[in-house]
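Heads up, the thing below is written out as structure tokens.
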Amino acid sequence: MTNNYFSYNGQFYHQVRGGAMGSPLTLTISNCYMYFFERQIVNQIRNSGGLYFRYIDDIFITINWPVRHLLKQIERWNNFDENINLSANIGSTVNFLDLSIENQDGQLFTTVYQKPSYEPYYLAFNSIHPLH
């Protein structure tokens, strides 16, 4: 990951941090790194009777901890690596990916969640857009 170069507007640049966006290798390396980063967190959540799910860079945790304790743990987890920052949305209803997840007395219920910027527009099949 030390020899990433790219061209922009006729100039060549050396990428000094991170991997190339969209590269299959970058995604694989990131997932391997996150496995080691999150092992302690996953064990702590599961040992406390909670659930932990991750999809790429989105994490969902449900656990029966006081909010103050959870925020303190997130602060501690954020000290594992200065390049990874975990943020929290805490409540009985949270949005995760395309789901709205509600906790009703310990049971989780889901509905479809659409971001406010969602626009339900699709290209018509007979448009001039090239077929892939």
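Values as computed for the structure displayed
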quantity: Pick from the range 86-132, criterion at pLDDT 90 or above and aromatic (Phe, Trp, Tyr), ranking: farthest from residue 52 (Cα to Cα); calculated: 113
quantity: Number of positions in the range 23-50 that are in contact with a Gly (Cβ under 9 Å, 6 or more places away or on another chain) and farther than 17 Å from residue 64 by Cβ; calculated: 5
quantity: Long-range neighbours under 9 Å by Cβ, at least six apart or interchain, first residue at positive phi within the range 8-19, second assigned to a loop (DSSP other than H, G, I, E, B); calculated: 18/1; 18/83
quantity: Subset tally (residues that are over 19 Å from residue 83 (Cα atoms), surrounded by 10 or more Cβ atoms within 10 Å (Cβ to Cβ) and among the polar types (S, T, N, Q)) for the range 1-23; calculated: 1
quantity: Exclusive hit being surrounded by 11 or more Cβ atoms within 10 Å (Cβ to Cβ) and on the phi > 0 side of the Ramachandran plot, set 27, 97, 70; calculated: 97
quantity: Residue check for residue 41: under 30 Å from residue 118 (Cβ atoms), touching a strand residue (DSSP E or B) at 6+ places or on another chain (Cβ under 9 Å) and among the hydrophobic types (A, V, I, L, M, F, W, C); calculated: no
quantity: Strands (runs of 3 or more DSSP E) lying entirely in the range 1-77 (those with 2 or more residues that are modelled with pLDDT of 90 or more and farther than 26 Å from residue 107 by Cα); calculated: 11-15
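The values are calculated or read from the model by the stated rules, or taken from the named source; none is laboratory data. Since this is a predicted model, take the numbers as computed values, not measurements. Note that each Cβ is placed from the backbone with ideal geometry, even for glycine, and that neighbours are counted across all protein chains shown.
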